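See below for the structure under consideration.
The values are calculated or read from the model by the stated rules, or taken from the named source; none is laboratory data. Bear in mind that the values here come from a model prediction, so they are computed numbers and not experimental data. Quick reminder, even Gly has a Cβ in these numbers, built from the backbone with ideal geometry, and neighbours come from all protein chains shown.
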């Protein structure tokens with residue numbers, strides 16, 4: 001039986017499609033066949049505004065039944081902050097009580113059961129951008145669009161922060177070179193900074209300071225991440241953090257070099273405008289962060305189909321070890337023994353032999369490698 | 001259906017990643033679980049049809065069993081004839097993240113707690129509990145309801161004939177939030193109303209067309225009594241008709257199955273309740289997964305279940321470390337480890353959740369994390385499983401000095417008879433001693449407690465089977481489901497180290513042993529699976545083994561793959577603050593229980 005080990009995409013040329021969907025129904029602003037820019041708004045809508053319930057029955061000491069009669073405006077009308085929302089009838093026209101609303105909004109309802117009045121705030125605009133500079137290939141009426149572009153695509157293993165845009169700016173010479181504060185200057189404002197090995201906490205702070213759009217590098221120390229976020233990350237569901245820029249690590253946590261091939265690909269596209277997303281979700285329906293770099297003027301023949309990528313673990317395949325004690329080591333599969341092997345931990349597992357640098361052979365559980373492309 | 005004619009039963013549990021299948025056959029005059037197999041679950045793209053995974057798993061089981069279960073059309077063959085087919089097919093499901101619910105009630109500790117119990121008992125993950133007194137401002141609650149995308153909502157509140165306004169007020173907060181279901185955009189959010197029946201029309205008016213309303217009998221008709229059954233049944237119906245019907249391939253799966261498909265944890269709860277009732281025992285079950293940990297308990301016939309949504313060994317491992325702190329994890333480790341490296345390793349496991357420990361050090365660390373995950377999950381369970389709150393107490397002079405009252409945890413470790421473990425880190429530990437040690441350290445059972453594991457996680461299948469064929473479910477549970485580890489003997493109390501904790505005398509077939517256990521000492525005595533022995537424990541002053549402080553206890557105990565574990569560490573379990581002292585003690589326990597290879 002072939003073993004399937006999913007790896008991350010690092011592809012020089014691929015036809016990439018992204019669905020850009022509104023959270024609720026709205027207006028699509030472009031049509032099929034339109035050329036769009038990454039930052040262009042393609043669909044927008046308004047979310048119903050925030051809701052403020054006000055219990056007038058309690059505030060004005062009247063029964064819930066009397067609340068409707070005390071309102072100075074009817075359901076559906078607008079009130080401004082500071083405006084008198086309700087006034088009691090008082091006794092013989094005297095001792096009237098009134099309530100000035102602290103928030104503005106539309107009166108949505110007034111309940112005769114609870115005496116509660118619901119004020120609805122202004123609608124909140126929601127916009128969706130194209131994300132990729134490319135072509136609209138499908139319009140999903142009232143929902144959004146599908147944008148297609150030929151891109152170089154690199155998936156990271158983990159990211160923090162949302163979508164960002166800017167030209168790539170290579171800051172390290174080697175895939176193993178650490179990305180430190182010294183390599184990030186004022187020139188990197190609005191750019192996607194490409195590092196090599198581990199990005200330091202100081203580099204991230206410097207990136208925020210100069211206004212870089214994103215940092216991409218091989219690894220990050222968990223201790224640094226904790227300081228950057230201000231809390232210890234519990235589960236890998238990210239994308240909504242507001243830390244001033246987007247971070248993407250391509251390999252993992254700790255002192256680890258970016259994969260040679262990833263580094264070479266990013267370096268070859270130095271200066272090209274790109275879109276990145278730090279959103280990561282490692283649950284059912286895995287989502288990885290990505291760097292998409294549109295390619296101009298590519299014929300269809302030059303585009304590789306992602307389905308053609310080999311995902312079979314076999315002798316000769318390139319793998320990366322993804323667990324200690326050999327974390328980060330890259331090599332070729334040299335053997336796939338069928339029988340279960342007892343590990344140092346005492347567990348029995350199916351293993352494989354990995355040849356490193358063509359000579360040394362390491363035995364690791366099959367669960368602890370991932371396929372990488374050459 | 002004539003139960004006597006059922007000879008072959010095929011059952012699956014469609015999990016988020018794996019579809020596990022078992023075959024149960026009549027062997028002689030009883031039912032046995034005979035073969036098992038598994039295949040990746042196929043709910044997600046590119047296949048997007050759950051039945052493909054079921055058929056793949058059935059094919060594997062069929063090949064192993066030498067029985068053709070699937071025909072040329074890719075469907076299950078029924079009924080069984082000769083070497084072909086099965087008589088009934090049943091299934092549970094937790095694919096797509098299982099059943100996710102939001103519950104609401106008036107008072108957090110009363111009706112909202114009862115609603116939560118109903119939802120959890122039905123097998124749901126409770127995403128949030130909205131209550132009038134949950135300390136959030138109304139607009140914050142509404143905002144929260146807007147953000148959540150549960151599969152359904154359960155609303156309760158008020159006793160029958162009692163206050164209506166409060167529960168209507170909650171309904172008025174739900175309506176403007178216009179909650180949207182997680183799956184599918186073309187159906188309305190189902191909302192089950194199980195509160196004051198006199199208020200149901202007012203609630204209907206308040207909710208308007210914002211949800212699809214289902215009214216069921218009040219789950220707390222009077223403060224003194226819960227009636228969770230109707231709400232729970234309706235949750236199951238809606239789960240089948242709405243939630244699952246929108247998941248890919250489930251329409252076909254529902255047609256295939258001979259019993260309603262249940263959420264996996266709901267089925268586990270059913271079988272545990274059935275066993276506890278039949279044996280007349282108190283039992284706790286735990287299932288620790290990659291993302292969540294479920295704890296089930298039955299004490300004096302009352303069932304409770306909790307899901308600790310972010311306590312798990314892969315997806316949630318980092319959260320366990322964040323919640324308890326690295327110091328609490330490392331207190332279970334008897335060897336040198338570097339914290340900075342460990343932090344990175346934990347995160348690397350989180351982002352690549354399928355890896356397994358290769359080195360002994362990595363295994364020791366993972367088992368330390370699991371102790372903390374289990375301990376936290378059990379603490380949450382104890383806090384949740386309480387007697388009903390809000391019930392008026394009648395006190396006599398005799399109760400004057402007792403602090404007991406409403407809202408006390410019904411989880412009593414001294415009364416616990418059986419502790420069942422399942423989930424990768426517990427059931428796949430290289431040595432059974434490690435499983436036993438993780439259970440004892442995390443749960444701190446008191447007195448005498450039988451330890452077992454559900455090695456291939458068969459309890460969900462048996463839970464559904466119990467609905468159609470209780471006899472077969474019981475027989476398989478007793479013969480094939482549980483692997484007994486043995487019995488833990490642990491008196492409650494504390495004293496200074498090296499003082500006597502208890503004397504014991506163990507007699508049985510080929511066994512006659514007696515001795516003394518000192519405070520802080522552990523000892524393992526082999527007693528094979530299937531064998532029983534009589535133990536007499538005489539606790540020292542201040543220690544209680546079930547009969548009261550210092551009083552002797554005699555009991556029949558069960559053996560297992562580990563045997564009898566005599567635990568003189570006292571309860572509650574305290575580890576020395578000083579690191580060198582703690583490590584030395586941990587090292588002694590590791591050697592006493594033979595946890596890891598010598599020299600580690």
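Mind telling me which of the residues B:196, B:163 ends up being surrounded by 24 or more Cβ atoms within 10 Å (Cβ to Cβ), within 14 Å of chain A (Cβ to nearest Cβ) and farther than 30 Å from residue B:248 by Cα?
B:196
With the requirement that a residue be within 18 Å of the chain's Cα centre (by Cα), surrounded by 23 or more Cβ atoms within 10 Å (Cβ to Cβ) and at pLDDT 95 or above, what does region B:422-461 give you?
The answer is B:435, B:436, B:438, B:439, B:440, B:442, B:443, B:445, B:449, B:451, B:452.
Quick test of your reading of the structure: residue B:285 fulfils all but one of (1) in contact with a strand residue (DSSP E or B) (Cβ under 6 Å, 6 or more places away or on another chain); (2) surrounded by fewer than 22 Cβ atoms within 10 Å (Cβ to Cβ); (3) not in a loop (DSSP other than H, G, I, E, B). Name the failing condition by number.
(2)
Exactly one condition in (1) under 29 Å from residue B:431 (Cα atoms); (2) modelled with pLDDT of 90 or more; (3) away from chain B (no Cβ under 12 Å) is not met by residue A:315; state its number.
(1)
Taking only region A:112-126 into account, find how many residues are at the interface with another protein chain (Cβ under 7 Å from one of its Cβ atoms) and farther than 29 Å from residue A:25 by Cα.
Result for region A:112-126: 3.
From the list B:441, B:503, which one is in contact with a helix residue (DSSP H, G or I) (Cβ under 9 Å, 6 or more places away or on another chain) and closer than 28 Å to residue B:541 by Cβ?
B:441
Looking at region A:68-83, which of its residues are out of contact with any strand residue (DSSP E or B) (no Cβ under 6 Å at 6 or more places or on another chain) and in a helix (DSSP H, G or I)?
Matches in region A:68-83: A:69 only.
Take residues that are away from chain B (no Cβ under 14 Å) and tell me which of the strands (runs of 3 or more DSSP E) falling wholly in region A:10-67 contain 3 or more. First the steps, then the outcome.
Numbers: elements: A:10-21, A:41-47, A:51-55.
Once the strands (runs of 3 or more DSSP E) in region A:10-67 are filtered for at least 3 residues that are away from chain B (no Cβ under 14 Å), what remains is A:10-21, A:41-47.
So, residue B:8, is that one surrounded by 17 or more Cβ atoms within 10 Å (Cβ to Cβ) and closer than 24 Å to residue B:474 by Cβ or not?
So residue B:8 passes the test.
Please verify whether region B:38-48 includes one or more residues that are away from chain A (no Cβ under 14 Å), under 14 Å from residue B:93 (Cα atoms), touching a residue at least 60 places away in the same chain (Cβ under 8 Å) and in contact with a helix residue (DSSP H, G or I) (Cβ under 7 Å, 6 or more places away or on another chain). Quick ask: steps written out before the conclusion?
First, pick out the residues of region B:38-48 that are away from chain A (no Cβ under 14 Å): none.
Scanning region B:38-48, I find no residue that is away from chain A (no Cβ under 14 Å), under 14 Å from residue B:93 (Cα atoms), touching a residue at least 60 places away in the same chain (Cβ under 8 Å) and in contact with a helix residue (DSSP H, G or I) (Cβ under 7 Å, 6 or more places away or on another chain), so the answer is no.
How about region B:75-111: which of its residues are within 14 Å of chain A (Cβ to nearest Cβ) and over 14 Å from residue B:125 (Cα atoms)? Lay out the reasoning, then the answer.
Looking only at region B:75-111, we keep the residues that are within 14 Å of chain A (Cβ to nearest Cβ), and these are B:93-100, B:106.
Once the filter is applied, which keeps residues that are within 14 Å of chain A (Cβ to nearest Cβ) and over 14 Å from residue B:125 (Cα atoms), region B:75-111 yields only B:106.
Looking only at residues in region B:21-50 that are crowded, with 20+ Cβ neighbours inside 10 Å and over 23 Å from residue B:83 (Cβ atoms), which one is nearest to the chain's Cα centre (by Cα)?
So, considering only residues that are crowded, with 20+ Cβ neighbours inside 10 Å and over 23 Å from residue B:83 (Cβ atoms), the one nearest to the chain's Cα centre (by Cα) is B:41.
Got a sec? Which of B:286, B:211, B:203, B:216 is modelled with pLDDT of 90 or more and within 22 Å of residue B:482 (Cα to Cα)?
Numbers: B:211 fails: within 22 Å of residue B:482 (Cα to Cα); B:203 fails: within 22 Å of residue B:482 (Cα to Cα); B:216 fails: within 22 Å of residue B:482 (Cα to Cα).
One residue alone meets the criteria, B:286.
Please work out which one of (1) within 14 Å of another protein chain (Cβ to nearest Cβ); (2) touching a strand residue (DSSP E or B) at 6+ places or on another chain (Cβ under 7 Å); (3) at pLDDT below 90 is the condition residue B:385 fails and give its number.
Of (1) within 14 Å of another protein chain (Cβ to nearest Cβ); (2) touching a strand residue (DSSP E or B) at 6+ places or on another chain (Cβ under 7 Å); (3) at pLDDT below 90, only one is false for residue B:385: (1).
Just to be sure before I move on: is residue B:259 away from chain A (no Cβ under 14 Å), assigned to a helix (DSSP H, G or I), touching a strand residue (DSSP E or B) at 6+ places or on another chain (Cβ under 8 Å) and touching a residue at least 12 places away in the same chain (Cβ under 8 Å) in the structure I sent?
no
Taking the condition at negative phi and outside the structural domain of residue B:449 (by TED's automatic domain parsing), does residue B:598 pass?
Yes: the conditions hold for residue B:598.
Take region B:88-127 and flag every residue that is more than 30 Å from residue B:253 (Cα to Cα) and assigned to a strand (DSSP E or B).
B:104, B:105
Given the conditions (1) part of a loop (DSSP other than H, G, I, E, B); (2) on the phi < 0 side of the Ramachandran plot; (3) surrounded by fewer than 19 Cβ atoms within 10 Å (Cβ to Cβ), and given that residue B:498 satisfies all but one, which numbered condition is not satisfied?
(2)
Which numbered condition in (1) away from chain A (no Cβ under 11 Å); (2) under 29 Å from the mean Cα position of the chain (by Cα) is the only one that residue B:188 fails?
(2)
Conditions (1) within 12 Å of chain B (Cβ to nearest Cβ); (2) part of a loop (DSSP other than H, G, I, E, B); (3) under 25 Å from residue B:433 (Cα atoms), marked per residue:
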{"residue": "A:320", "(1), (2), (3)": "yes, no, no"}
{"residue": "A:338", "(1), (2), (3)": "no, yes, no"}
{"residue": "A:345", "(1), (2), (3)": "yes, yes, yes"}
{"residue": "A:353", "(1), (2), (3)": "no, no, no"}
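Does region B:131-160 hold any residues that are crowded, with 20+ Cβ neighbours inside 10 Å and within 29 Å of residue B:245 (Cα to Cα), and which are they?
If the condition is that a residue be crowded, with 20+ Cβ neighbours inside 10 Å and within 29 Å of residue B:245 (Cα to Cα), then B:142, B:145, B:150, B:151, B:152, B:153, B:154, B:155, B:156 are the ones that fit.
Quick check: is even one residue across region A:278-296 surrounded by fewer than 16 Cβ atoms within 10 Å (Cβ to Cβ) and modelled with pLDDT of 90 or more?
Checking region A:278-296: not a single residue is surrounded by fewer than 16 Cβ atoms within 10 Å (Cβ to Cβ) and modelled with pLDDT of 90 or more.
Go through (1) away from chain B (no Cβ under 14 Å); (2) part of a loop (DSSP other than H, G, I, E, B); (3) within 13 Å of residue A:195 (Cβ to Cβ) and name the single condition residue A:244 misses.
Unmet condition: (3).
Out of everything in region B:412-421 that is more than 14 Å from the chain's Cα centre (by Cα) and under 22 Å from residue B:265 (Cβ atoms), what residue ends up being surrounded by the most Cβ atoms within 10 Å (Cβ to Cβ)?
Ranking the candidates gives B:416 first.
Report, by residue number, each residue of region B:288-305 that is assigned to a strand (DSSP E or B) and within 22 Å of residue A:222 (Cβ to Cβ). Steps first, please.
Of the residues in region B:288-305, the ones assigned to a strand (DSSP E or B) are B:288, B:293-299, B:302-305.
Within region B:288-305, no residue meets the criteria.
If I ask for residues that are in a helix (DSSP H, G or I) and at pLDDT 85 or above, which ones from region B:239-254 would you list? Show your work before the answer.
As a first pass, look at region B:239-254 and keep what is in a helix (DSSP H, G or I): B:239-246, B:250-254.
Matches in region B:239-254: B:250, B:251, B:252, B:253, B:254.
Going by the structure shown, is residue A:203 surrounded by 19 or more Cβ atoms within 10 Å (Cβ to Cβ), free of Cβ contacts under 8 Å to residues at least 60 places away in the same chain, under 21 Å from residue A:39 (Cα atoms) and in contact with a helix residue (DSSP H, G or I) (Cβ under 9 Å, 6 or more places away or on another chain)?
Answer is no for this residue.
Say whether the condition of being within 20 Å of residue B:573 (Cβ to Cβ) and under 20 Å from the mean Cα position of the chain (by Cα) is met by at least one residue in region B:351-367.
yes
Inspect region B:239-256 for any residue being touching a residue at least 60 places away in the same chain (Cβ under 8 Å) and within 14 Å of chain A (Cβ to nearest Cβ) and give the result as yes or no.
There is at least one residue in region B:239-256 that is touching a residue at least 60 places away in the same chain (Cβ under 8 Å) and within 14 Å of chain A (Cβ to nearest Cβ).
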